[in-house]
């Protein structure tokens, strides 16, 4: 991955030197296991431990001769050890080392990614609890629907982030497997006892039945869960982008001192962090596709997966780490314009209360279709004409014949013909238009949210 999107801790996991150190860990663990089995002299194992070394430059130079990176590595390390170096790579095939070492690198990547996922979730939880009672309008199809709270909106993202955290933990756990079972997985050149010793030393699990490689469904699952976590970050970023639009301006992502939004228009404050997250999420989905296509190899193995995953596994973990870092910053530091949220609630002049008005009329005894038409006409007029929905509804109810005069009198306790206010249909419009009614059951959601912190 390019340096622009690579954070130092994760970038260090995927350097050539880190990769070769992982190879060396596997090779030395194997020699120790052979020595414990009595197949390799203890003195040779000790010598390898003491003298095994390499430089990336030396391995690269040797690879220009061998055309094989691990074989070049083995040559370099064995030469550094001396006579006892002949036991380096004893009984092993390249994939025994490559796949087991890859598991070590992926575990190290997970030790960065998973805490980052936790930090993102916790940032959302904190902001959701902060704004649990901050009223704003809910939108469906991009159109005003009913009042909600900004805290509830963030709670949805927080619970999704928690699910992604769990999925990532599981994916990194199931990828922490290695294999030392020889050329086609038969243990013909290395017994299961050596494999068990090596995996115990490296804190990995042994693949149940490997071919020459660890089956690539494990890597596909990891890439799929990384892509899924990316879509969660993208969903949050898309929400912030929409809420930052000039016409809405309910939320703004952080904008640093001295930052420039546009080279030409000094007034601009663009949601560049969220746009970056959105764009990079698309890359992760492409990597997930590559992971799926890497599963079906020929027979016991081919190397059609090898070049692809040398790109996608480092890049995917590096990108997710970077995206989580950006999203956590946005969640923690975004500006929430509470006054703007309240102002936007009134853009439809009260029409967003239409469902509660409809329900109240039905409960009062009015036919549902008749009630729907009354409410719909008033609500759409309010929106189009900029007139109070409540006033138009009151007018409709005092003149519409849908409720017979006798029924009106029964509902209101007043004689027919004297209806002139919102009591016309026997409903309490103060209750209908009370925004607090939308918050009644939210404490249950926030109780569940608070449990995430326990």
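So if I restrict to the alpha-carbon atoms in the chain, what is the Rg, and what is Dmax, the biggest pairwise distance, in Å?
Taking only Cα atoms of the chain, I get Rg and Dmax of 32.1, 112 Å.
How high is the FRET efficiency between residue 249 and residue 17 when r is their beta carbon distance and R₀ equals 56 Å, given to the nearest 0.05? Write out the running numbers ahead of the final one.
Working: r = 48 Å, r/R0 = 0.86.
Using R0 = 56 Å, I get an efficiency of 0.70.
Please give the length that would be gained between residue 303 and residue 399 if that part of the chain were fully extended, namely 0.36 nm times their separation in residues minus their C-alpha to C-alpha distance (nm, one decimal).
26.6 nm
Residue 430 to residue 166: extension gain in nm, 0.36 nm per residue of separation minus the Cα-Cα distance?
90.6 nm
Mind checking the full-extension length gain between residue 111 and residue 343? Use 0.36 nm per residue of separation minus the Cα-Cα distance, one decimal, nm.
79.1 nm
Can you check what the Kirkwood hydrodynamic radius comes to for segment 175-325, Cα pairs only, in Å to one decimal?
With all distinct Cα pairs of segment 175-325 included, I get 18.4 Å.
Quick one: helix 16-37 against the long Cα principal axis of the chain, what's the angle to the nearest 10°, folded into 0 to 90?
60
Under the rule of -39500 (n - 2.57) per DSSP H run of 4 or more residues, summed and divided by the residues of the chain, what mean residue ellipticity at 222 nm is obtained, to the nearest 500 deg cm²/dmol?
Mean residue ellipticity, 222 nm, calculated: -20500 deg cm²/dmol.
Return a whole-number percent for the relative contact order of the chain, with Cα pairs under 8 Å and 6 or more residues apart as the contact set.
RCO, the chain: 15 percent.
How far is helix 42-51 tilted, in degrees, relative to the longest principal axis of the Cα atoms in the chain, given as a value from 0 to 90 rounded to the nearest 10?
Helix 42-51 sits roughly 60 degrees off the main axis of the chain.
Per residue and in cubic angstrom, what volume does the convex hull of the Cα atoms of segment 142-237 have?
Measuring per residue, one finds 110 Å³ for the Cα hull of segment 142-237.
Compute the long axis of helix 389-399 from its Cα atoms, compare it with the longest principal axis of the Cα atoms of the chain, and write down the angle in degrees, 0 to 90, nearest 10.
Taking Cα atoms only, the helix is inclined about 40 degrees.
Roughly what would the spin-label model give for residue 282 and residue 376, points 7 Å off Cα along C-beta, in nm?
For residue 282 paired with residue 376, the spin-label model returns 3.9 nm.
FYI, it's all coordinate maths here, none of it is from the lab. Only a predicted model underlies this, so the values are computations on that prediction, with no experimental measurement involved. Heads up, the Cβs are rebuilt from the backbone with ideal geometry, glycines too, and the neighbour counts pull from every protein chain shown.
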